[in-house]
1. Among the listed residues A:Gly78, A:Gly61, A:Gly9, which satisfies the condition of being of a type in the set (Gly, Ala, Ser) and free of Cβ contacts under 8 Å to residues at least 24 places away in the same chain?
2. Quick one: in segment B:31-64, of everything that is in contact (Cβ under 8 Å) with a residue 40 or more places away in the chain and within 11 Å of chain A (Cβ to nearest Cβ), which residue is nearest to B:Glu79 (Cα to Cα)?
3. Among the numbered criteria (1) surrounded by 15 or more Cβ atoms within 10 Å (Cβ to Cβ); (2) within 10 Å of chain B (Cβ to nearest Cβ); (3) farther than 12 Å from A:Gly104 by Cα, which single criterion is violated by A:Leu19?
4. What are the residue pairs meeting all of these: first residue in segment B:1-29, first residue away from chain A (no Cβ under 14 Å) and in contact (Cβ under 8 Å) with a residue 24 or more places away in the chain, second residue among the small types (Gly, Ala, Ser) and assigned to a strand (DSSP E or B), Cβ atoms under 6 Å, and 6 or more apart or on different chains?
5. How many residues, within segment A:22-35, are exposed (fewer than 13 other Cβ atoms within 10 Å of the Cβ) and farther than 21 Å from A:Lys56 by Cβ?
6. Within segment A:81-106, count every residue that is under 22 Å from B:Arg44 (Cβ atoms) and either buried (at least 17 other Cβ atoms within 10 Å of the Cβ) or more than 14 Å from chain B (Cβ to nearest Cβ) (or both).
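Read-outs throughout are calculated quantities, based only on the coordinates presented, and are distinct from any laboratory measurement. What you see is a predicted model; the values in this text were computed from it and never measured. Here the Cβ positions follow ideal geometry from the backbone for every residue, glycine too, while neighbour counts run over all protein chains shown.
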Amino acid sequence: GDSVTQMEGPVTLSEEAFLTINCTYTATGYPSLFWYVQYPGEGLQLLLKATKADDKGSNKGFEATYRKETTSFHLEKGSVQVSDSAVYFCALSGGGFKTIFGAGTRLFVKA
Amino acid sequence: NAGVTQTPKFQVLKTGQSMTLQCAQDMNHNSMYWYRQDPGMGLRLIYYSASEGTTDKGEVPNGYNVSRLNKREFSLRLESAAPSQTSVYFCASTGMGVSTDTQYFGPGTRLTVL
């Protein structure tokens, strides 16, 4: 079945460092891919999405490109801030009623 | 526009007690979902309702029941709580059009079963 694998955390960075969180997926067909973010004590919220190969999703300085050839959707940000500290979830949706989530990667950003 | 709301925010139960978690959305979404979140395991789907009047099992339905009361409300019931059900529970909904598969989440219910 469909699955999502993302890098284990926690990831600890200093402010203004470059961030990469790796995500790979297994799916039949052409799923939509997502990154969700969960701030402490809150529910998940959509960060960005991409619906077809080579699409780049972007929001709040974060970017991810849908790479079908490598089945990847890595999250990147050029300069992280303390306020980016959160848990990040990679996810896919095959167009039905179910979304498959990765296990989540916790990011700590130090001032 | 409150989005997805959940009650209660926190709950402590004793083993064997029952309770219902409430969820409501005001976005006119057709589909609603219940997930549980456990450390290191991401989100696991318990039940979902594709539309008003229908419900289906997800990945981990045992020990739970659901009711899609109307288009807005989707409740989750624990009939006889067990310590293994200690978790954070999230309700979510999906809408229509180009954002059909984007999930909108509530703030969660943190449940402890002693």
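1. On the way: A:Gly78 fails: free of Cβ contacts under 8 Å to residues at least 24 places away in the same chain; A:Gly9 fails: free of Cβ contacts under 8 Å to residues at least 24 places away in the same chain.
Every option except A:Gly61 fails the conditions.
2. Of everything passing the filter in segment B:31-64, B:Tyr35 is nearest to B:Glu79 (Cα to Cα).
3. With (1) surrounded by 15 or more Cβ atoms within 10 Å (Cβ to Cβ); (2) within 10 Å of chain B (Cβ to nearest Cβ); (3) farther than 12 Å from A:Gly104 by Cα applied to A:Leu19, the lone miss is (2).
4. B:Thr20/B:Ser75; B:Gln22/B:Ser75
5. Count: 1.
6. Let us first name the residues in segment A:81-106 that are under 22 Å from B:Arg44 (Cβ atoms), namely A:86-106.
Subsequent filtering for residues that are either buried (at least 17 other Cβ atoms within 10 Å of the Cβ) or more than 14 Å from chain B (Cβ to nearest Cβ) (or both) retains A:86-94, A:97-105.
Counting residues in segment A:81-106 that are under 22 Å from B:Arg44 (Cβ atoms) and either buried (at least 17 other Cβ atoms within 10 Å of the Cβ) or more than 14 Å from chain B (Cβ to nearest Cβ) (or both) gives 18.
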